[in-house]
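K.L.:
Please find one structure pasted underneath; my questions will follow.
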Amino acid sequence: MDLGLKGKKAVILGGTRGIGRAIAETLAGEGADVAVCARNADQVAETVAALKARGVNATGGAVDITDGPALKAWVKKAGEDLGGIDVLVSNAGAMAQGPGVDAWKKNFEVDVLGAVNAFEAAEPFLKAAAEKHGDASFVLIASVSAAVAEMADSYGPMKAALIHMAKGLARQHASIGLRVNVVSPGMVYFKGGVWHMVETNMPDFFKKQLSRNPTGRCATPQEVANAAVFLASPVSSYTTGVNLLVDGAISNRVNF
């Protein structure tokens, strides 16, 4: 299936590892020009080189997502360098765990305010793309944890905030063709990722959590990226305001 992404311009927050890297590479594989940011400059440089090797225009920057002005400036520059923004993906996450104030602050500053600031900077570009092509897209990466509360924690509520924000933005911008959707993964495994570290340091806990999933395994970053890129593409032109679970049925809630 042709997703209609060839020549589109995409900006990805947290695009050098895991889900974000898979999204960036999948978009590039579909012919989209891509800009990525992350904290580690070396990882950004390596990612940009890999994306360029796919034959697309690629750029990147080392950005602290918690620095709102710096993030906005980078998104604006990325839009100018690419010649527009058709797709914005907010994938950066603090992954702070626990109910403490510090964890709440970290998750809020990275996950929530990062998405807010990035969208504010990208909005003029996205609106221009929607007006010109009839479609533009903002995709946020949340988590199945947004709908699961087994104990007091900051991670799930902050991801839930993204889903609520996305629905409001989707309704606000639907008439101009600017779509906003969410992908909520379950357990995602990759080397150096959270569940790899859990497996390494707490193998019994890892096995227990894995056994809860009917599929008997974690998702790969590519499986989540496939969902995100589909929602980002013009093929999904009538889909907006949705929260797509990619969790292997680990959650037992019914999504009416």
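K.L.:
Would you pull out the residues with amide H under 5 Å of Met187's amide H, same chain only if 5 or more places away, H placed 1.01 Å from N?
P.N.:
Ala219
K.L.:
What residues have an amide H closer than 5 Å to that of Val63, excluding those fewer than 5 places away on the same chain, when H is modeled at 1.01 Å from N in the peptide plane?
P.N.:
Ala38, Arg39
K.L.:
Just to be sure I understand: of the beta bridges DSSP finds with both ends in the range 1-155, what percent are antiparallel, rounded to 5? List each step's numbers first, then the result.
P.N.:
Details: 0 of 18 bridges.
The antiparallel fraction comes to roughly 0 percent.
K.L.:
Would you calculate a helix-derived [θ] at 222 nm for the chain, using -39,500 (n - 2.57) for each DSSP H run of n ≥ 4 and dividing by the full residue count, to the nearest 500?
P.N.:
Numbers: 9 runs with 115 residues, N = 256.
-14000 deg cm²/dmol, from helical runs alone.
K.L.:
Turning to a different aspect of this structure: Sort 222-231, 165-174 for me by packing, meaning the mean count of neighbouring Cβ atoms within 10 Å per residue, highest on top.
P.N.:
So the order, starting with the most tightly packed, is 222-231, 165-174.
K.L.:
Go from 0 up to the bin containing the longest alpha carbon distance in the range 109-256, width 10 Å each, and give me the % of pairs per bin.
P.N.:
The percentages, shortest bin first, are 11, 37, 33, 15, 4, 0.
K.L.:
Hydropathy first: keep DSSP H helices in the chain averaging at least -0.5 on Kyte-Doolittle, then drop any whose Cα extent along the axis falls short of 18 Å, and list what survives. Please report the intermediate quantities before stating the final value.
P.N.:
Working: long enough: 68-82 (21 Å, -0.32); 113-133 (28 Å, 0.14); 155-173 (27 Å, -0.15).
Flagged H segments are 68-82, 113-133, 155-173.
K.L.:
Enumerate the calculated ³J(HN,Hα) couplings along the range 247-256 in order (Karplus 6.51 cos²θ - 1.76 cosθ + 1.60, θ = phi - 60°), each rounded to whole Hz, writing x wherever the residue is Gly or Pro.
P.N.:
Per residue, the Karplus-derived 3J(HN,Hα) values read 10, x, 6, 5, 7, 10, 6, 9, 8, 6 Hz.
K.L.:
Distance check, please: which entries in Lys105/Lys167; Lys106/Lys207; Lys8/Lys167; Lys6/Lys159; Lys105/Lys127 exceed 26 angstrom between their Cα atoms? Please list the in-between numbers first.
P.N.:
Working: Lys105/Lys167 23 Å; Lys106/Lys207 28 Å; Lys8/Lys167 24 Å; Lys6/Lys159 31 Å; Lys105/Lys127 31 Å.
From the list (Lys105/Lys167; Lys106/Lys207; Lys8/Lys167; Lys6/Lys159; Lys105/Lys127), the Cα-Cα distance tops 26 Å for Lys106/Lys207; Lys6/Lys159; Lys105/Lys127.
K.L.:
Who wins for biggest fluctuation among Ile12, Ile85, Ile176 in a Gaussian network model of the chain, springs between alpha carbons below 10 Å?
P.N.:
Ile176
K.L.:
If each residue of separation counts as 0.36 nm, what is the full-extension length gain between Ile176 and Thr220 once their alpha-carbon separation is subtracted? List each step's numbers first, then the result.
P.N.:
Values: separation 44, 0.36 × 44 = 15.84 nm, distance 3.39 nm.
Length difference between fully extended and current span is 12.4 nm.
K.L.:
Calculate the length of the line joining the C-alpha centroid of the range 62-133 to that of the range 139-183, in whole Å.
P.N.:
When both Cα centres are located, 14 Å separates them.
Any read-out appearing in this document is the output of simple, stated calculations on the displayed coordinates, not a laboratory observation. Everything quoted here is computed from the prediction, not taken from an experiment. Reconstructed Cβ throughout: ideal geometry from the backbone, glycine too, with neighbour counts over all protein chains shown.
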